[in-house]
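Worksheet: the structure to be examined is printed underneath.
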Amino acid sequence: MMKKQQKFSRGLSDKVRKSKAAPEIQNNPFEVKINRQKFDVLGRKSKHDVGLPGVSRSRAIKKRKETLLKEFRMKDKNNKFIDRRFGEYDSKITPEEKILQRFTLERQRTHDSKDLFNLNEEEELTHYGQSLAEMEKMTDVIDSDSDSEEKGLLSAELTATHFGGGGGLLRKKSAGDEDEEHKPKSRQELIEELIIKSKQEKRERQTQKEEAQELTEKLDQEWKSIQNLLAHKTPKAERKDETDKPRLDQYDVMVRELGFEMKAQPSEKLKSAEELAREEKQRLQTLEADRLKRMLGDAEEEAVQTNTHISADDMNDGFILDGDDRKTLAYKDGKWNIEEEEKEDEDGDEEGGEEEEDAPEDDADADDDEGEEEEEVEDEDDDHCDLQSDEGSEDEDGQGAEEEQVGAEGPPAEIEEQKKAAQEAARAELPYTFTAPESYSDLKALLQGHGSEQQHLILDRTVKCNHPSLAAGNKAKLQKLFGFLLEYVGELATQNPPDLRTVNALVPQICGLCQMFPEAACKAVQTLLSDSSYSMEKTLEVKGRAPMPDLDMLVLLKITALLFPASDFRHPVTTPAFLYISQALTKCVVLSLEDVCKGLILCCLALEFVSLSQRFFPELMNFLLGLLHLTVSDKHNMGYTVMSPFRRQGKSCDLLVLKDPNVSHSWNRKPISLHTAHRIPAQSPVERDHYRLSLIDSCLDLVKRCTSLYKDLPSYAHIFQPIRTLLLKHLPVQSYPAPIQDLHREILDAIPEKPSQHAPLLFKKKKPIPLKLFTPKIVQILDYGKKRGNTKEEKERERLQHKYKREFKGALREIRKDTRFLAREKLNDVMSRDSERKRKVKELYGSLATQEGEWKALKRKKRN
């Protein structure tokens, strides 16, 4: 009954499965796509097949299975059989020839392998160039200084006799002499024979050694007899006739010179700016501490300790003469020589007195040689003392110690006087460390009362002690110091008389600070220039005229030309300075000889500003023409025009006219000093005429420099034509000295008489732009909605770009399909492996369950 039910259920399930199965897809004729081919072309694969839904996809999958899947399966596999037999892939050789060639190669290979170890009698084997047959004969001569060649080695017989008990030796001897003597020898007899044999061998070796020694001595004597013949040299007189040795080439000489050339020695590591600044500050602090100790009188004990100290690691092998005053024993005729000791002490006292006399003078001159002392301090170190750091120079620190050592032997009064003198000298010295001034009054208090060189030294030490790398706030302090220095230099220039020597000494420090902080220096100079320009404009608005800039402004303009580049087309500092000079030369009136001197200084600065760029400066040329106009006494019928700030006629139009024409004979050419821009020292009319001649000479020299600067300009003759007219027709050259007349002649020679006929400057001619017309521009459109190129090249380029994009997209699409196909195949492989593993595991579980059931049944039977 149960079996029938099972069969019924199985049949029912099969019917259900068949009913659930999808019906077969029938091709719809309306879904068939037919691509008709217009022409049949030989050799072209046809793509115009009948297309059914899903057919193209199945074809692509089939093609990938045949190509891509095979490559994927064969990846990293090299199990291919390649037939490497001779002529296997050569179709030109017949099968009979292939067999014959293969047989021949096989016979040659076997013959070579068999004959590898077959040695012919004619061949001779060698080892390192020596015949093996000769080496086997052992014919080497034994030449050794020892008794036996194998020193320290024992023979086999001796070893067997002494260490092996002699049993093996007895058995060997008895076996060897069995035919001759049937009676075996005793142990004593064997040992005696062995001793006799060893003595005999020893005597033979000794005789061989003696014979070899005799032969060696005989050979040496014969060699000495023929050695003179081999080493015989011809005399120099006979050698002259011989041919000279070939001279070395220049290349060989250079090679030998390079071989003997000194090799470069390793140098010390270059220190950075921060390390140098730190070391310089430490050195100055050490010197300041030493100066303070000398000023307080505490340097005596340290000086004594310094000279008498001996390091714990000192081996007393330095042999340094450090002025030790310990007495040495000296004997004469068996007695201690005291007289020589006393003489030496007297000489030492005299030298000490001379040093005491020279010490104040050296201290007085120490301020003038500060720069040299600082260099000496860096190089002079005490090498034989471990506890002393960098010391000062001998001129600054060594003198006090020597005075105290010498004075220690004298009475107490002299010691006190020397101490007071040393303290006064220390007080007179400049401090070595300074703090950066916080205001202009602090800087003024710091520098007042000192000479120019001392002020330079004070600023140098201030910058070194407050270097930006030593502390965070030092940068701001030094930036303020730059502005304070400019203000201080301006104040020095406005003094009566101006202290130009100190200004010249402070300019290097200003340049150094400008290089350290260019932005701050730029802002400071810009501020001063803007303030001066603003004050000049205010004066012009109020009074209608402005005076010439004072000497402080002239010095600032000179420092600006030194600090910043004047040849730039546009610069944040030099361009405002350039405009200020042009404004001063145009609007500042000339009312005195001091103003003329200031104007000439401005002209020199203007020429310095444009010397490199060769930029034309019309204000400069106008001002020089106006200065030369001041030398003309007759102001009528002029062939030139005078522009502002000069006037054709007026009260101050005869400033450079000589009062006495005869003063030119007593005039000597001298450069104009800057002090005269503040106040002219000349009082008498003759001195004032001499000063006028100096101004005229300077003005003509500037005109000459301008002619050499602007000689390459196209309008060179037009520019200098008014000056030529004035010099040629109106200037009273006959009343001037000979140097001025020569300068006048040179200027006239440099300026041409007639201006060159150059074409006027015009803009470059361009093709006229036509008016816009209403004629439409026709563009060929190949595809509607897209604008193509006009030319053939552009069309071809568009076609290639379109083709490239299409192929690129198709390639990307195929790569994506290949990637999906490979991923699908990999997934199928993983799933098939997993299903196979599950099947095997299920089979194992089933077999184990069957075994377990059988075992339980067997166990149950045993129990029953």
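Along the Cα→Cβ direction, 7 angstrom out, place labels at residue 186 and residue 660. What is the inter-label distance in nm?
15.8
Ranked from the most accessible area to the least, with a 1.4 Å probe and all protein chains present, what is the order of 564, 81?
Accessible-area ranking of 564, 81, largest first: 81, 564.
Between the range 187-230 and the range 661-718, how many Å separate their Cα centres?
Answer, in whole Å: 115.
Which order do you get for 89, 488 if you rank them by accessible area with a 1.4 Å probe, largest at the top?
89, 488
Based on the Cβ-Cβ distance of residue 634 and residue 504, what FRET efficiency does E = 1/(1 + (r/R0)^6) give at R0 = 56 Å, to the nearest 0.05?
0.85
Please give the charge dipole size of the range 541-584, origin at the Cα centre, charges +1 on K and R Cβ atoms and -1 on D and E Cβ atoms. Round to the nearest 20 debye.
Charge dipole of the range 541-584: 100 debye, to the nearest 20.
Mind checking the full-extension length gain between residue 85 and residue 289? Use 0.36 nm per residue of separation minus the Cα-Cα distance, one decimal, nm.
63.4 nm is the gain from fully extending residue 85 to residue 289.
Label residue 715 and residue 648 with points 7 Å out from Cα along Cα→Cβ: what is the distance between them in nm?
2.3
Between residue 546 and residues 5 or more places away or on another chain, which pairs have amide H atoms under 5 Å apart, with H built 1.01 Å from N, and which residues are they?
589
Based on the Cβ-Cβ distance from residue 438 to residue 835, what FRET efficiency comes out when R0 is 56 Å, to the nearest 0.05?
0.05
May I ask for the net charge around residue 465, where only other residues with Cβ less than 9 Å from the Cβ of residue 465 are counted and Lys, Arg are +1 while Asp, Glu are -1?
Local net charge: +2.
Say R0 is 35 Å: what FRET efficiency, to the nearest 0.05, do residue 225 and residue 195 get from their beta-carbon distance?
0.15
Mind checking the dipole of the range 488-546: about its Cα centre, +1 per Lys or Arg Cβ, -1 per Asp or Glu Cβ, Debye to the nearest 20?
Magnitude of the dipole: close to 140 debye.
On a 21 Å Cα-Cα criterion, which of the cross-link pairs 271/464; 38/809; 419/464; 63/817 come out too long?
In this structure, 38/809; 419/464 exceed 21 Å between Cα atoms.
Cα centroid distance between the range 788-831 and the range 557-629, in Å?
The two parts, judged by their Cα centres, are 73 Å apart.
By average Cβ neighbour count within 10 Å, what is the ranking of 213-224, 264-275 from highest down?
213-224, 264-275
Quick check for me: using +1 on Lys/Arg Cβ and -1 on Asp/Glu Cβ, what's the dipole size of the range 414-493 about its Cα centre, in debye to the nearest 20?
With only Lys, Arg, Asp and Glu charged at Cβ, the dipole is about 420 debye.
Any chance you could look up the accessible area of residue 538 with a 1.4 Å probe, heavy atoms only, rounded to 10 Å²?
90
What order do 260, 808, 646, 569 take when sorted by accessible area (1.4 Å probe), most exposed first?
My answer, sorted largest first, is 260, 569, 808, 646.
Put +1 on the Cβ of each Lys and Arg and -1 on the Cβ of each Asp and Glu in the range 471-598; which of 478, 498, 508 then has its Cα farthest toward the positive end of the dipole?
So the residue we want is 478.
With the dipole of the range 649-748 worked out from charges on the C-beta (+1 for Lys and Arg, -1 for Asp and Glu) around the Cα centre, which of 739, 685, 720 lies farthest toward the positive end?
The one lying farthest along the dipole's positive direction is 720.
Gain in length, residue 40 to residue 825, computed as 0.36 nm per residue apart minus the alpha-carbon separation, to one decimal in nm?
Full extension from residue 40 to residue 825 adds 278.7 nm.
Got a number for the accessible area of residue 254? Probe 1.4 Å, square angstrom, nearest 10.
100
Ranked from highest to lowest mean number of other Cβ atoms within 10 Å per residue, what is the order of the peptides 717-726, 670-679?
Going from most to least packed, we get 717-726, 670-679.
Given a 1.4 Å probe and the protein chains all in place, what does the accessible area of residue 687 round to, in Å² to the nearest 10?
Residue 687 exposes around 90 Å² with every protein chain in place.
My understanding is that a pair violates if its Cα-Cα distance is over 22 Å; which of 598/711; 538/587; 475/523; 65/805; 70/840; 75/826 do that in this structure?
Exceeds cut-off: 598/711; 65/805; 70/840.
Can you tell me the order of 588-594, 814-820 when each peptide is scored by its average per-residue count of other Cβ atoms within 10 angstrom, highest first?
588-594, 814-820
With the crude spin-label approximation of a point 7 Å out along Cα→Cβ, what separation in nm comes out for residue 611 versus residue 62?
9.7
The values are calculated or read from the model by the stated rules, or taken from the named source; none is laboratory data. Just so it is clear, the structure is predicted and the values come from calculations on it, not from any experiment. Counting neighbours? That spans all protein chains shown, and the Cβs are built from the backbone with ideal geometry, glycine included. Areas reflect the complete protein model, heavy atoms only, side chains present, ligands, DNA and RNA absent. Shrake-Rupley method; radii C 1.70, N 1.55, O 1.52, S 1.80 Å.
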